[in-house]
1. All but one of (1) buried (at least 20 other Cβ atoms within 10 Å of the Cβ); (2) without any contact (Cβ under 8 Å) to a residue 40 or more places away in the chain; (3) part of a helix (DSSP H, G or I) hold for Leu58; which doesn't?
2. Mind checking which residues of segment 104-152 are outside any helix (DSSP H, G or I), in contact with a strand residue (DSSP E or B) (Cβ under 8 Å, 6 or more places away or on another chain) and hydroxyl-bearing (Ser, Thr, Tyr)?
3. In the list Val63, Val43, Val32, which residue meets the criterion of being without any contact (Cβ under 8 Å) to a residue 40 or more places away in the chain and either on the phi > 0 side of the Ramachandran plot or among the hydrophobic types (A, V, I, L, M, F, W, C) (or both)?
4. Determine which single condition His259 fails, assuming it passes every other condition in (1) in contact with a Ser or Thr (Cβ under 9 Å, 6 or more places away or on another chain); (2) farther than 30 Å from Asp26 by Cα.
5. When only residues in segment 275-297 that are of a type in the set (Gly, Ala, Ser) and modelled with pLDDT of 95 or more count, which is surrounded by the most Cβ atoms within 10 Å (Cβ to Cβ)?
6. Could you tell me how many of the residues in segment 20-46 are of a type in the set (Ser, Thr, Tyr) and part of a loop (DSSP other than H, G, I, E, B)?
7. Which residues, counting only those in segment 29-51, are among the polar types (S, T, N, Q) and either farther than 21 Å from Thr163 by Cβ or surrounded by fewer than 19 Cβ atoms within 10 Å (Cβ to Cβ) (or both)?
8. Need the failing condition index for Ala179 against (1) within 25 Å of Thr121 (Cβ to Cβ); (2) assigned to a strand (DSSP E or B), just the number.
Amino acid sequence: MTQIQLTRERLRGLPLPTPESGSKDDRGSVLVLGGCAQVPGAVFLAGVASLRAGAGKLKIASVRSVAVAMALAVPEAMVIGLPETDAGEIEPQAATQCTEAAGRCDAVLIGPGMNTSAATTTLVRSLLSAQPDLAYVLDAGAICGLDDQAEVVRALKVRPIITPHAGEMAQLLGWEREAIEAEPLKAALSAADLLQAVVIMKGAESWIVAPDGERWLYAGGGVGLATSGSGDALAGVIAGILARGADPLRAALWGVYLHGEAGARLAKSVGPLGFLAREISGEVPALIHAVSREDADGR
């Protein structure tokens, strides 16, 4: 199957859903579930990015010890404080609370700031099993335990999106990291087949692969995007677009493109290195407007 280059011109043929009215409900609701006592900021980056991508409403669910600070940092969000383990992770018993929160959302992002642990794996399995009809983005700590629960992921009604870097993909597939880095497309195809998911294989060049083997390549962005928290921003942008009503492959393509082009803009305005992940999502609304306007104008 021939690879497709992900460009602005290609995205013009894949327009984003247009809200029927000015209501925030028409643009969908996102739940970002993640974080731990040691890494509380990841859900902040992801949540803000989902709103910047146009989602109408946001919920953030994280450990109780950071909930008040999170509510002040993101006043636009409803913040849910979850019970936590002695290690500062979300308790698996919080699954019921998470399931209730997720049930009223259009897209659910799980994983930013979560450790790879038995507690995370148990929580993810519980939520996916209880709410199989939702649209999911699985990131970071939520990815690494999926090898043992492929049947749960494959049973989801909407194809999920996973966003691994090479290390997370190595854990998922049981390959050496060097093998992932040598053949990222092969790895992405293997994961897409295993999980029947849309896979974004992150790297200097990013591959976006659908369950049927359709594959897209994005070669833009720049080295500055290799910075702490950048992946959280990417996952949040994707979740925001998914909540707006885009299908999973379209949401993945738009998310990768917007994230990459935001990095390219920041490289020009700030410098090739040294811009922060928190700055990425601020570039997204103008980029969406630019691409959408060109599409509407027929250019």
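1. (3)
2. Hit for segment 104-152 is Tyr136, nothing else.
3. On inspection, the qualifying residue turns out to be Val63.
4. The number of the failed condition is (2).
5. Ser281
6. The total comes to 2.
7. The one that is among the polar types (S, T, N, Q) and either farther than 21 Å from Thr163 by Cβ or surrounded by fewer than 19 Cβ atoms within 10 Å (Cβ to Cβ) (or both): Gln38.
8. (2)
The values are calculated or read from the model by the stated rules, or taken from the named source; none is laboratory data. Nothing here was measured: the structure is a model prediction, and the numbers come from that model. Note that we place each Cβ from the backbone using ideal geometry, even for glycine, and neighbour counts take in every protein chain shown.
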